[in-house]
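A.B. asks: Could you have a look at this structure, given as structure tokens, before my questions?
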Amino acid sequence: MSKSSFLTRVENGEPRAEVFATTDPQVQQVRLLGRILATILIWTAAAALAVWSIEAIQPPKAVSSSANLQLFSAERAVNYIRAIARVPHPIGSPANIAVRDYLMQQLSYLGLYPTLFTATGIHTSKRAIVFGRTEDIVGRLPGYANSRAILLLAHYDSTANTPGAADDGSGVATILETVRALRASTKLKNDLIILFTDGEEPGLLGAEAFMTGHPWVKDIGLIINFDARGDEGPALLFETSANNGRLVRAVQYAAPYTEGSSLFYDIYKTLPNDTDLTVFRPLRIPSLNFAFGARGETYHSSLDSPQNLSAASVQQDGSYALSLA
């Protein structure tokens with residue numbers, strides 16, 4: 001026997017119409033299934049639109065190593081990546097120590113007098129507590145009339161099974177080539193702080209250690225982070241700090257190849273990943289997060305090597321870093 005009833009809608013004290021309602025479990029199940037399918041279709045359409053939008057975007061061509069020294073050259077940046085991403089270099093490994101020493105040397109050549117910030121980083125989640133000794137690399141390029149410093153941020157460790165050319169050798173190399181180009185041009189008004197974090201892969205450990213313990217945190221007026229989740233494709237502005245209207249307009253004004261959307265952030269929130277910028281959110285410092293992510297099958301795999309990395313993607317990262325700094 002079907003469980004159903006007629007409900008009378010009353011308006012101004014008079015019955016106006018009868019509405020059929022059912023409590024039949026089979027009918028309710030069909031309706032629930034319909035709502036689920038509709039939701040799936042909406043999300044599928046949104047995902048397809050996002051993929052189509054990203055694939056329609058093309059990064060700029062890589063600039064030659066023979067270009068003007070005041071320009072960002074992806075070919076010059078790739079030379080750094082070849083040195084950084086020779087082999088996997090997870091936190092605490094001899095290979096990571098070798099990368100650390102190489103980066104200290106390069107920043108010294110660029111006149112930044114880098115220091116090691118050694119501390120214990122801690123990451124807590126519902127499933128585990130991760131902590132480790134981190135060695136962040138920190139440098140500072142003084143401006144002539146500093147008010148608030150700009151922080152350029154990337155991590156130099158990799159996972160245990162990947163050389164980490166894109167993730168995040170590309171971010172580190174982008175910053176090194178940006179500093180080199182800035183040193184060849186006019187002096188900056190505001191200070192530029194360089195932070196290469198250690199231990200990002202196991203739990204953002206180096207960023208957490210710096211954020212909670214380094215005295216320069218109070219000087220930061222803008223954070224720009226570079227990361228990757230693939231080895232080619234356009235570098236996207238996929239995350240910003242809150243109340244970002246003026247910040248986004250400034251990026252549009254300054255950067256020559258800006259690609260960004262709030263849809264990218266919605267997609268990012270569905271992924272089981274964070275970046276170093278996540279650690280800094282509670283400070284509410286204006287922030288920009290850039291990454292490229294095409295050919296995602298290379299992410300955290302042995303395929304993430306210098307020979308597979310797109311120089312054009314690095315060029316677009318560099319266009320952001322140099323123009324915004």
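The values are calculated or read from the model by the stated rules, or taken from the named source; none is laboratory data. Predicted model only: the values in this text are computed from it and were never measured. Backbone-built Cβ (ideal geometry, glycine too); neighbour counts: all protein chains shown. Accessible surface is based on the protein model in full, side chains and every heavy atom, while ligands, DNA and RNA are left aside. Shrake-Rupley method; radii C 1.70, N 1.55, O 1.52, S 1.80 Å.
A.B. asks: Please work out which one of (1) open to solvent by less than 20 Å² (accessible area, probe 1.4 Å); (2) outside any helix (DSSP H, G or I) is the condition Ala62 fails and give its number.
C.D. replies: The one condition Ala62 does not meet is (1).
A.B. asks: A follow-up question, please. For the range 260-287: of the residues being more than 20 Å from Gly203 (Cα to Cα) and among the hydrophobic types (A, V, I, L, M, F, W, C), which is modelled with the highest pLDDT?
C.D. replies: This residue is Ile285.
A.B. asks: I'd like the residue in the range 126-148 that is farther than 30 Å from Arg180 by Cα and in contact (Cβ under 8 Å) with a residue 40 or more places away in the chain and, out of all such residues, is most open to solvent (accessible area, probe 1.4 Å). Talk me through it step by step, then tell me what you get.
C.D. replies: Our first condition is that a residue be farther than 30 Å from Arg180 by Cα; within the range 126-148, this holds for 126-132.
Keeping just the survivors that are in contact (Cβ under 8 Å) with a residue 40 or more places away in the chain gives 130-132.
On the way: Val130: 45, Phe131: 148, Gly132: 14 Å².
Out of the qualifying residues, it is Phe131.
A.B. asks: Can you report the number of residues in the range 270-304 which are among the charged types (D, E, K, R), surrounded by fewer than 24 Cβ atoms within 10 Å (Cβ to Cβ) and more than 16 Å from Ala235 (Cβ to Cβ)?
C.D. replies: Initial filter on the range 270-304 (among the charged types (D, E, K, R)): 274, 276, 281, 284, 295, 297, 304.
Retained after the next criterion (residues that are surrounded by fewer than 24 Cβ atoms within 10 Å (Cβ to Cβ)): 274, 281, 284, 295, 297.
When the remaining residues are screened for being more than 16 Å from Ala235 (Cβ to Cβ), the result is 274, 281, 284, 297.
Qualifying residue count for the region: 4.
Conditions tested, residue by residue: (1) among the polar types (S, T, N, Q); (2) part of a loop (DSSP other than H, G, I, E, B); (3) touching a strand residue (DSSP E or B) at 6+ places or on another chain (Cβ under 9 Å).
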residue: Phe280; (1), (2), (3): no, no, yes
residue: Ile285; (1), (2), (3): no, yes, yes
residue: Gln307; (1), (2), (3): yes, no, no
residue: Ala312; (1), (2), (3): no, no, yes
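A.B. asks: Only one of these conditions is not met by Ala160: (1) within 23 Å of Arg281 (Cα to Cα); (2) open to solvent by 10 Å² or more (accessible area, probe 1.4 Å); (3) among the hydrophobic types (A, V, I, L, M, F, W, C). Which number is it?
C.D. replies: (1)
A.B. asks: Which residues, counting only those in the range 94-116, are touching a residue at least 40 places away in the same chain (Cβ under 8 Å) and over 22 Å from the mean Cα position of the chain (by Cα)? Break it down stepwise before answering.
C.D. replies: At the first step, the residues of the range 94-116 found to be touching a residue at least 40 places away in the same chain (Cβ under 8 Å) are 96, 99-100, 103, 106-107, 110-112, 114.
Scanning the range 94-116 gives Gln106, Leu107, Leu110, Gly111, Leu112, Pro114.
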